[in-house]
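The values are calculated or read from the model by the stated rules, or taken from the named source; none is laboratory data. Computed from a prediction, not measured in an experiment: that's the story for all the values here. Neighbour counts are summed over all protein chains in view; Cβ atoms, including those assigned to glycine, are modelled from backbone coordinates with ideal geometry. Each accessible area value is taken on the protein alone, full model and side chains, heavy atoms only, with ligands, DNA and RNA left out. Shrake-Rupley method; radii C 1.70, N 1.55, O 1.52, S 1.80 Å.
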Amino acid sequence: MMQRSLQKWLMYVWPGLLSLGFIALILGFAFNGLVSEIKNIDLARIFQNNYLFRVIGFTFFQAGLSTLLATLVAVPVARALSRRPTLPGRKIFLQLASLSLIIPTIVGVFGVVAIHGRNGWLNQFLSLFDISAGNYLYGLTGILIAHVFFNAPLLSRIFLQSLESLPPEYWRTTAQLGMTGTDVFRLVEWPLLRRIIPASCGLVFLLCFTSFAVVLALGGGPSTNTLEVAIYQAIRFDFDIPKAVILSLAQLSLCFILLMIGSKFARHIALQKTEERSIRRFDAQHTRAKITDSLALLVMVLLVVPPLLATIWKALSPRLIAVITDEKLWTASFNSLLISLTAGSIALILAIGIALMLRSLQSPYRLGRYRLASPFATMTDLSGSIILLLPPFVLATGLFITFRTAASLTVLAPFLVVIVNALMTLPFILRILIPAFETSAQKSDYLCDNLGIKGLNRIRIVDWPQNRKALGLALGLSVALSTGDLSVIALFGTQDFTTLPLLMFQKMGSYRLDDAAITALFLCLQSLLLFILIERTISGKGFSRSILKPNRKAISRV
Amino acid sequence: MFDDQEAFQGLNIEKLSYQHHGSEEVLDFDLRVEPNELVAILGPSGVGKSTLLSLIAGFEDPASGTITFEGKKLNTLSPSERPITTLFQEHNLFAHLTAEENIGLGIHPGLRLRDQDKDQITQALNDVGLKGLEKRLPAELSGGQRQRVALARCLVRRRPILLLDEPFSALDQDLRKDMLKLVKDLHKNHDLLTLMVTHLKEDADAIADRIVHLS
């Protein structure tokens, strides 16, 4: 009996061990590369001009400030949306907010430039009144605008879902007791938000801390460098490997410290599905609420809508045909396709292995053989934070050093881009797969045990139908994220090896903004189409439903 | 007709009609409740028992008809301006606030409490049989105790009308009996006009002066 249960217990551990082994191998190569360069480091030179500390300081500063601003925008917006469930445009906004993860960063950056750049819409508008806001974009301002552009909608969505999880009786009670908007915020909403702010804002802080494309495009100088960009410049422009290694090690240790701090607050952001129950909030009708809500929504709309409109508007230019028929675009598109599909598949396979292993290790606890809570539950919760231990540039730098003598860059570049992209999207899809596998096992373990359904039969009859939705979403998301990624490719891209995001960035760099906008649109289409195609095919949902509704509830779990 | 309303000191619900959002069905209500009367509203689920209470409390808006109390029309008043306090089946208490704070909200909606208010809270807790549980969070109380705390809040609000919406349906039989007795006592001692919605005939029989069947 013991023998049998032990056997079952370990049945699906090996795929996970293979996954972890593969990841460990890659990390080992990367780490080996970094360590092998330590002897070449001239510490005195690094500490000479405080460069390292300035970069670290700025990285923290911009990430902290971005998170703070995004939160300050998101909280009132979430309140406004919670108070007004029938507001026109609310649904579209929430859909956009859940798509914000798969809208390529560089496209968002482009939109921000189109509005806030020297000749952007804002300055054009102001020039009607003979005012000029000047060139305020490049530097800290630009970084903050772009980070808030991406993260405020994401946070509002998380906050809103948390507010919507409150029972409708609460709003009736607050109304009957005569609580004012301020009372409701102070005594009901804020205590709730305060509990999810460490986890959700922590996530945003990390996204900003490791943000690359935004800082690269909008940073505008050495004084506004983050660690990621500094590593990039050390390799790409200074050819200074020791410097890159120092920066990488700094990044790695800071991420490790952040992970340690973060695990204290680790709380799975359990986003319950919002039931379609009618919630009526009576504080919506107060004049003050109307004013503050309008202001909050106006800020959000002005922040998010113009950049998107400007990108589309600029793309509808006479250059459209010329750019679309350019062979370079199609080569880049093809490269992006290959990279994203390969990276996505690798990530999916690795994730399936890990999720299967965790499911297997959890099963004795699930079936009630042990009374104790499973120690693997914590592991599951932390899986999402692995992103911290895999900063793309650190990985890429390490791997590059290890393999640079073994192969030419032409051979190495695609390989590195694929591997780094795969590992980068891994945490996101683990967050989808692990809970899905666990839930399905909770539903079926007893039954399968009882009926003797196991092995391939179980996969065919139980596991596949129950998990194909999650698998489709995971692969779709992973491919979409890889398609839009502009990080490692910026390091290793060449004339002969570009992807769509890199091509777009190059066009922006040479101020061919119309061309960049068209490329941006093309990139978005490719990313979105791949996402929808993959998600729909694998999950077996077909294409009959509205194309703009890619299972937003599931995405929010990310 | 105006004189009639002027004369009637209880709760008068006249030709009140309500239509669910996006539904064809129209619910109609007519009901008179004397001051100090305890009326149970009985009926199967889906006939609009709870809707009636929501309309009286101002959580829903009627399509037409009037609600008056002591001759004054309530229709246009906001929920907090009405002389009404409601006990729901569940989620009456804010989960992150202590029993004391939850009751305190009934005295000052911003929870700015003076010393005599604290005494009042202690008194109310005594009245519902929960002496000394001021600092408990709802999660640390049983289902019955939570409803008692909610009742205590109803008391400190000193509103003449008490609406109970399936208040004890989630509790087991013995507990329900105790709670019903408590409601009956509070109703008497505080001169309340009480309306209780329930689907359990025995609950209605146990305490009501009069039973109204909705169908």
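Observations on the structure shown:
- Some residue of the range A:536-558 being modelled with pLDDT of 90 or more, in a helix (DSSP H, G or I), buried (at least 22 other Cβ atoms within 10 Å of the Cβ) and touching a helix residue (DSSP H, G or I) at 6+ places or on another chain (Cβ under 8 Å): no
- Within the span defined as the range B:145-158, one or more residues are within 13 Å of another protein chain (Cβ to nearest Cβ), among the β-branched types (V, I, T) and under 23 Å from B:K188 (Cβ atoms).
- Yes/no for B:G106 being in contact with a Lys or Arg (Cβ under 6 Å, 6 or more places away or on another chain) and either open to solvent by 70 Å² or more (accessible area, probe 1.4 Å) or outside any strand (DSSP E or B) (or both): yes
- All positions within the range A:216-244 that are among the charged types (D, E, K, R), open to solvent by 20 Å² or more (accessible area, probe 1.4 Å) and either touching a residue at least 60 places away in the same chain (Cβ under 8 Å) or more than 20 Å from A:G398 (Cβ to Cβ) (or both): A:R236, A:K243
- Enumeration of residues in the range A:398-421 that are at pLDDT 85 or above and either of a type in the set (S, T, Y) or closer than 30 Å to A:I461 by Cβ (or both): A:T402
- Checking A:G178, A:G202 one by one, the residue that is away from chain B (no Cβ under 14 Å) and open to solvent by 20 Å² or more (accessible area, probe 1.4 Å) is A:G202 and no other.
The rows are residues; the columns are (1) open to solvent by less than 10 Å² (accessible area, probe 1.4 Å); (2) not in a helix (DSSP H, G or I).
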position: B:A150; (1), (2): yes, no
position: B:R159; (1), (2): no, yes
position: B:R176; (1), (2): no, no
position: B:L180; (1), (2): yes, no
position: B:K188; (1), (2): no, no
position: B:S215; (1), (2): no, yes
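- One residue from A:W121, A:W190 being open to solvent by 30 Å² or more (accessible area, probe 1.4 Å), among the hydrophobic types (A, V, I, L, M, F, W, C) and within 14 Å of chain B (Cβ to nearest Cβ): A:W190
- Check on B:E101, within 14 Å of another protein chain (Cβ to nearest Cβ), without any contact (Cβ under 8 Å) to a residue 24 or more places away in the chain and more than 16 Å from the chain's Cα centre (by Cα): yes
- Taking residues in the range A:461-476 that are farther than 13 Å from A:I352 by Cα, and partners anywhere that are part of a helix (DSSP H, G or I) and at pLDDT 90 or above, the pairs with Cβ atoms closer than 6 Å and at least 6 places apart or on different chains are A:G476/A:F531; A:G476/A:I534.
- Test: residue in the range A:152-167 that is outside any loop (DSSP other than H, G, I, E, B), open to solvent by 20 Å² or more (accessible area, probe 1.4 Å) and closer than 16 Å to A:V299 by Cβ: yes
- Any hit, the range B:125-139, residues being under 16 Å from the mean Cα position of the chain (by Cα), of a type outside the set (A, V, I, L, M) and within 19 Å of B:D165 (Cβ to Cβ): no
Residues are listed down the side, and each one gets a yes or a no for (1) open to solvent by 10 Å² or more (accessible area, probe 1.4 Å); (2) not in a strand (DSSP E or B):
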position: B:S17; (1), (2): yes, no
position: B:L31; (1), (2): yes, no
position: B:P35; (1), (2): yes, yes
position: B:T51; (1), (2): yes, yes
position: B:D61; (1), (2): yes, yes
position: B:I67; (1), (2): no, no
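- When B:N92 is tested against (1) within 14 Å of chain A (Cβ to nearest Cβ); (2) surrounded by 14 or more Cβ atoms within 10 Å (Cβ to Cβ); (3) out of contact with any helix residue (DSSP H, G or I) (no Cβ under 8 Å at 6 or more places or on another chain), exactly one condition is not met: (3).
- B:V39 meets all of the listed conditions (1) over 25 Å from A:P167 (Cβ atoms); (2) within 18 Å of the chain's Cα centre (by Cα); (3) within 14 Å of chain A (Cβ to nearest Cβ) but one, namely (3).
- Of the residues in the range A:127-138, not one is within 30 Å of A:F282 (Cα to Cα), in contact (Cβ under 8 Å) with a residue 60 or more places away in the chain and open to solvent by less than 10 Å² (accessible area, probe 1.4 Å).
- Counted residues, the range A:499-516 - those being surrounded by fewer than 21 Cβ atoms within 10 Å (Cβ to Cβ) and part of a loop (DSSP other than H, G, I, E, B): 3
- Of the listed requirements (1) open to solvent by 10 Å² or more (accessible area, probe 1.4 Å); (2) out of contact with any strand residue (DSSP E or B) (no Cβ under 8 Å at 6 or more places or on another chain); (3) within 14 Å of another protein chain (Cβ to nearest Cβ); (4) over 25 Å from A:L258 (Cα atoms), A:V184 misses just one: (1).
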